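Since the structure comes first, as structure tokens, the remarks are kept for the end.
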Amino acid sequence: MATRLRDAALCVVAGIAATSLIWTVGDVTYDDPSARNTGEGAARESPGPGPGPGPYGVCSTGIRVTAGPVDAAMGLRAMDVTLLNCGTDTYRVKGYPGLRLLDDDQQSVTGVSVIHGSGGITGLPGFDDPPRAVSLRPGETATAGLVWRNTVTDVGGPVDVPYLTVEARPGALPLLVTPDGGLDLGTTGRLGVSAWRATAPDAS
């Protein structure tokens, strides 16, 4: 009797462990299958446009986040992150996107402070505007700006960030994006981010 109870308990524990493993693997996808990582760098890739149900292609998370081109001038860098509501319900955000900077192995980059607003990095019109509530109907977008300098003044070597995750609002699933060329932060150790703002409708 004791043997049967022990065997039954082992089967239950094994079943729970297997179920947890299946859930973990199924919940996370990666932009690079060769870099599969169950550590702190794990994040869901922001779904890209492509064939699938709905007018915006596959949209398993209800939102899509993309990184725009980097605008570079005299050591100053600026880039927009765009949030698209590709779902079927209104999506609401207020405040600043949560950012995590990742290295080539999709592990957290240390030594860089993410600052709400420009933080003295530069002065850009509207960048330091206070957060406002933004309601996105299906198909509508919001943007948040990133700004940094690639100045190299220390001997420690410049910091390059090939990946980052974007959390649209507190508690949202972090989505992995790959900025074209990455973020070349130099040795400044600072990255400014603006609050979400609704994208103006296309006048055309």
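FRET efficiency for Asp154 and Thr199, Cβ-Cβ distance as r, R0 = 22 Å, nearest 0.05?
0.05
Take the Cβ-Cβ distance between His116 and Ala73 as r, set R0 to 35 Å, and report the resulting FRET efficiency rounded to the nearest 0.05. Write out the running numbers ahead of the final one.
Values: r = 23 Å, r/R0 = 0.66.
Between His116 and Ala73 the formula returns 0.90.
Bear in mind these aren't lab numbers, they're just calculated from the coordinates by the rules spelled out. Since this is a predicted model, take the numbers as computed values, not measurements. For neighbour counting, all protein chains shown are included, and Cβ atoms are generated from backbone atoms with ideal geometry for every residue, glycine included.
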